[in-house]
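Read through the structure below, which is laid out as structure tokens, and then see the notes.
The values are calculated or read from the model by the stated rules, or taken from the named source; none is laboratory data. Since this is a predicted model, take the numbers as computed values, not measurements. Cβ placement follows ideal geometry from the backbone for every residue including glycine, while neighbour counts extend to all protein chains displayed.
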């Protein structure tokens, strides 16, 4: 039995030589790949740079796959016409049966070429937010983190209501880069703006409350502001945008019940919850020392509409009231 002039049943000297050459070439490629990764680990020292090792593995895996394909083609297909026929049939079959896989691999190339994200970046992809821990040809693995209640909506998907790890590792196919936006919290500008809202009554000293917010934010963000200023200048020059001031700011919003003060400040994507926790504790202590309370909603009941009872129940209630009034006399 033959397929494209290659004997499938039985072995002759030609197919035996090709089989041995294929196995030898495959073994050589695998050994070279592991040797390159081992050399990189040895070069980076005792504590290997995991990011360098990762991208070395990615590059060697990709080169290995290309070399293996070229080796198989050069060893088993000597006739160009036979190769074209075989490639056409294989290509048509793969295009139909592996549409998702082909699209996912194309997404992998887009991620690399467009520098969309890399290992260690904090991203949102396919509705999953967290840190990238692995990037493969077809899939990306993300260490999931929670989300604040206001961003989860009615159907909460996470039991952690803050930007901290949940412990789940989520696998997302790379084709999601074509279907949904990819949010990167650390690429180019590794800082984010965050806010703390504080309601105070209109009778309170709002200027003192504003100053407390600014002082507390400055104590925890001064160093970050100095570091991020250089990064901001680079981003503004590259993308022609104005990122505004990096200093903490307070904005007013008038409501029916209180004055809402919104503190806006710059923070790193990692550890935001810890910074907001420290800041909230400092704010509460200083507000208490200044005698400024946090406003809350209050309701005044001014009256009730008249109530009329009818039926047997109403008669029994009326009799009970009359009996009690008679007993008092």
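So the values come out like this:
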{"read-out": "Residue check, residue 137 surrounded by 14 or more Cβ atoms within 10 Å (Cβ to Cβ) and touching a residue at least 40 places away in the same chain (Cβ under 8 Å)", "value": "yes"}
{"read-out": "Exclusive hit being more than 23 Å from residue 107 (Cα to Cα), assigned by TED's automatic domain parsing to the domain that holds residue 263 and in contact (Cβ under 8 Å) with a residue 24 or more places away in the chain, set 207, 197, 223", "value": "197"}
{"read-out": "Some residue of the stretch 48-63 being more than 31 Å from the chain's Cα centre (by Cα) and at pLDDT 70 or above", "value": "no"}
{"read-out": "Residue within the stretch 294-312 that is assigned to a helix (DSSP H, G or I) and modelled with pLDDT of 75 or more present", "value": "no"}
{"read-out": "Criterion: assigned to a strand (DSSP E or B) and out of contact with any helix residue (DSSP H, G or I) (no Cβ under 6 Å at 6 or more places or on another chain) - qualifying residue of 197, 207", "value": "197"}
{"read-out": "Some residue of the stretch 145-165 being surrounded by 19 or more Cβ atoms within 10 Å (Cβ to Cβ), within 30 Å of residue 61 (Cβ to Cβ) and outside the structural domain of residue 247 (by TED's automatic domain parsing)", "value": "yes"}
{"read-out": "Qualifying residues in the stretch 78-116 (those that are modelled with pLDDT of 65 or more and not in a helix (DSSP H, G or I)) - the one farthest from the chain's Cα centre (by Cα)", "value": "98"}
{"read-out": "Pairs, first outside the structural domain of residue 20 (by TED's automatic domain parsing) in the stretch 69-80, second modelled with pLDDT of 65 or more and surrounded by 13 or more Cβ atoms within 10 Å (Cβ to Cβ), C-beta under 9 Å, six or more apart", "value": "none"}
{"read-out": "Those residues of the stretch 162-194 which are farther than 27 Å from residue 221 by Cα and in a strand (DSSP E or B), in sequence order", "value": "167, 168, 169, 170, 171, 172, 173"}
{"read-out": "Checking residue 251 against (1) out of contact with any helix residue (DSSP H, G or I) (no Cβ under 7 Å at 6 or more places or on another chain); (2) under 19 Å from residue 164 (Cβ atoms), the condition it does not meet", "value": "(2)"}
